[in-house]
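**Student:** After the structure tokens below, expect a handful of questions from me.
What follows draws every value from the coordinates through simple rules; no lab data is involved. Everything numeric in this text was worked out from a predicted model, so none of it was measured. Counting neighbours? That spans all protein chains shown, and the Cβs are built from the backbone with ideal geometry, glycine included.
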Amino acid sequence: ESRELSDRPREFLKSSDLSPEQFREVVALGLDFKLHPEKYTTAMANKTLLMFFEKPSLRTRVSLETAMTKLGGHAIYYPINSLAPLGKKETVFDTARVITGMVDVVCARLNSQADTEELSHNLDIPFLSAMSPDAHPLQMLADAMTILEFKHSFEGLTFTYCGDFQNVAFDLMRMCALTGMNCRVAGPTGPGYGIPAEILAEVEELHRKAGTTFTICKTVEEAVTGTDAIYCDSFMSYGIPQEELDARLAILMPFQVKEEHLEMANPGCLFMNCLPAKRGYEQTAGVIDGPHSVVFPQAHNRMHSAIGALLWFTKSA
């Protein structure tokens, strides 16, 4: 196979597993499918995707399963739970060796970063993370695709994230560097919040290489002034117990995005949220249901970008 194909990584655990060129290539492939789906109807004929899910999923599961169908392939949904645990009846290593010989590509959304990495590292076939504690790379492809569709270029853009620092926020910081956008973030930094030191070091290095800026802001106002996109994620990520809600809201509500914040941004600023969203928490209803919001085109792009990723990592296009 060509050098370009053999240079493609096998694992997609976080957006920065791809070079800036590769990341944009996957986004472009998803956009090409969106424009010319007829070119790809048999691109993954007789190929099977296995999806392990330990956490709930609407967008990721539906987008991946539909993507495989549209490409002429097949998807298996395998829930990980107390009846079918991972790494209990047999080691994660043994599971990886078994499925390597049966399917063509694996996706997993697991509770543990270590399990995600162990599964991925022991496969001989492509692995796409369907979200882990450190990253959400398939979401990043959809987000980049959405910005490109509405803004036509990443050149000179400033991107802002407001709210809780979790996997999506970490990967957005990486994705901005890969696409050449300046990145600003605003969120709580006390105990139990903030950006882990090793992720911060990685993100700062990515932006240094890209020649873009990465800024941690004290307030939403500072973060949104003159920005081109504002992004929110849930204040109650999967797995956070409901009884922590009131304590978390006290810390997170100062970072809620309101209509007045969109007035401070550049004209045509996009409002984004990876969903699920709660109106009145991470953003007001007026923001997510207002004219700046692109959250539904963004969600639909989960499918088109998943198609790009499946085609690219399996070398089917």
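**Student:** List every residue whose amide H lies under 5 Å from the amide H of Arg184, counting only residues 5 or more places away in sequence or on a different chain, with H placed 1.01 Å from N in the peptide plane.
**Tutor:** Here Phe159, Thr160, Tyr161, Thr215 satisfy the definition.
**Student:** Right, another one. Under a Cβ-only charge scheme (Lys and Arg +1, Asp and Glu -1), can you give me the dipole magnitude of the chain about the Cα centre, in debye to the nearest 20?
**Tutor:** I would put it at about 660 debye.
**Student:** Using a simple charge model, +1 on the beta-carbon of Lys and Arg, -1 on the beta-carbon of Asp and Glu, nothing else, what dipole does segment 139-298 show about its Cα centre, in debye to the nearest 20?
**Tutor:** Taking the Cα centre of segment 139-298 as origin, the dipole is about 160 debye.
**Student:** Tell me the net charge near Leu58. Cut-off is 13 Å between Cβ atoms, Leu58 excluded, with +1 for each Lys or Arg and -1 for each Asp or Glu.
**Tutor:** Once all neighbours under 13 Å are counted, the net charge is +4.
**Student:** Evaluate 2.2 N^0.38 Å with N set to the residue count of segment 17-142, then give the Cα radius of gyration divided by it.
**Tutor:** 1.07
**Student:** What is the calculated FRET efficiency for Leu249 to Lys218, with r their C-beta to C-beta distance and R₀ = 30 Å, to the nearest 0.05?
**Tutor:** 0.95
**Student:** With r as the distance between the Cβ atoms of Phe150 and His300 and R0 = 22 Å, compute the FRET efficiency 1/(1 + (r/R0)^6) and round to 0.05.
**Tutor:** 0.95
**Student:** Express in nm, to one decimal, how much length is gained between Glu198 and Leu83 on full extension, taking 0.36 nm for each residue of separation and deducting their alpha carbon distance.
**Tutor:** Full extension of this stretch gives 37.9 nm more.
**Student:** Whose amide H sits under 5 Å from the amide H of Val105, counting only residues 5 or more places off or on another chain, with H placed in the peptide plane?
**Tutor:** Residues meeting the amide H criterion: Thr48, Leu50.
**Student:** Moving to a separate point now. Mind putting a number on the dipole of segment 221-260 about its Cα centre? Charges go on the C-beta only, +1 for Lys and Arg and -1 for Asp and Glu, and I need it in Debye to the nearest 20.
**Tutor:** For this selection, approximately 100 debye.
**Student:** Next up: Which whole DSSP H helices in the chain pass both tests: a Cα extent of 15 Å or more along the axis and a mean Kyte-Doolittle value no lower than 0.5?
**Tutor:** TM-like helix candidates: 137-151, 167-179.
**Student:** Running Debye on segment 139-298 with equal point scatterers at the Cα sites and no solvent, what base-10 log of I(q)/I(0) appears at q = 0.10, 0.11 Å⁻¹?
**Tutor:** -0.32, -0.38
**Student:** Looking at Ala229, Ala285, His207, which one has the Cα that reaches farthest to the positive end of the dipole of segment 139-298 (charges on Cβ: Lys, Arg +1; Asp, Glu -1)?
**Tutor:** About the Cα centre, the residue reaching furthest to the positive side is His207.
**Student:** Given a cut-off of 17 Å, what percent of all Cα-Cα pairs of segment 220-317 lie beyond it?
**Tutor:** Of all Cα-Cα distances in segment 220-317, 58 percent exceed 17 Å.
**Student:** A follow-up question, please. Using the Kirkwood formula over every pair of different C-alpha atoms, what hydrodynamic radius in Å results for the chain?
**Tutor:** Computed over the chain, the radius equals 19.9 Å.
**Student:** Continuing with the same structure: Between their Cα atoms, which of Lys34/Lys278; Lys14/Lys209; Lys70/Lys278; Lys47/Lys89; Lys55/Lys88; Lys88/Lys315 are more than 24 Å away from each other?
**Tutor:** Lys34/Lys278; Lys70/Lys278; Lys47/Lys89; Lys88/Lys315
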